[in-house]
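Right, one structure below, let's go through it.
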2 protein chains.
Amino acid sequence: MTLEHKRPRLEIEYCTQCRWLPRATWMAQELLTTFEKELGEVARVPGTGGVFEVRLDGEGVWSRKSDAAFTDAAELKRLVRDRIAPDRTLGHSER
Amino acid sequence: MTLEHKRPRLEIEYCTQCRWLPRATWMAQELLTTFEKELGEVARVPGTGGVFEVRLDGEGVWSRKSDAAFTDAAELKRLVRDRIAPDRTLGHSER
């Protein structure tokens, strides 16, 4: 968390060759719905070569390459929550 | 069109109080699918006060306030196409 008031930018870079737009859309939608007040924006960035990366203000949150396999929305929400709203509970998805 | 190679950023700012996320998502999805190779990214930006604005690299493309009523996806595609890929045909949606 920074001290400035600008809300963080989350970006999802996805591989268009792999047709991962729907996957990126789903994740983006879940995050925008959950962190509507905390996030400044959610961007989807078309990429290539099997990329699927989630970044907060440019810093990696989750990467298909380094973290192996795909994450699910609940895990991704926890990762984002831990960085932008650590005191917040995510309700049933954490139980 | 600029001479640099960086592909343009499109952003859609939508009013969360009006619950326009699904509308913003639909428009973003249409544009990302059509301009997958031309756009560098598509961002959704949560806003308030009835805002629904589409911007390309910060420049207004369409605004609910100034353009009145809502646009449809085909019109928005034409507006974006005119700026980032003027030679391109949009197929059946232009007929």
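Read the figures in this text as sums done on the coordinates, not as results from a lab. Everything quoted here is computed from the prediction, not taken from an experiment. Positions of Cβ are generated from backbone atoms using ideal geometry, with glycine treated the same way; all protein chains shown enter the neighbour counts.
Each of A:43, A:26, A:66 was placed along the dipole of chain A (beta-carbon charges, centred on the mean Cα), and the one lying farthest toward the positive end is A:26. In a simple Cβ point-charge model (Lys, Arg +1; Asp, Glu -1; nothing else charged), chain B has a dipole of about 160 debye relative to its Cα centre.
Summary for residue A:57: label point 7 Å along Cα→Cβ; distances to the equivalent points in the other copies, ascending, 2.7 nm.
Can you list the lysines whose alpha carbon sits under 21 Å from that of residue B:37, skipping same-chain ones fewer than 8 residues off? In chain and number order, the partners are B:6, B:77. Shortest first, residue B:82 label-point distances to identical copies amount to 4.8 nm, with the label point at 7 Å from Cα along Cα→Cβ. Think of each Lys and Arg Cβ as +1 and each Asp and Glu Cβ as -1; about the Cα centre, that makes the dipole of the protein assembly as shown roughly 260 debye.
Computed 3J(HN,Hα) for segment B:44-59, one whole-Hz value per residue from the Karplus formula 6.51 cos²θ - 1.76 cosθ + 1.60 where θ = phi - 60°, is 9, 10, x, x, 9, x, x, 6, 8, 10, 10, 10, 10, 6, x, 9, glycine and proline marked x. Ranked from shortest, the separations from the 7 Å Cα-to-Cβ label point of residue A:22 to its equivalents in the other copies are 1.9 nm.
Distance from the A-onto-B rotation axis is smallest for the Cβ of the chain A residue given, in whole Å, as A:43, 2.
Peptide A:37-43 has a mean of 5 when you count, residue by residue, the C-beta atoms of other protein chains within 10 Å of its C-beta. Fraction of C-alpha pairs exceeding 18 angstrom in chain A: 42 percent, rounded to a whole number.
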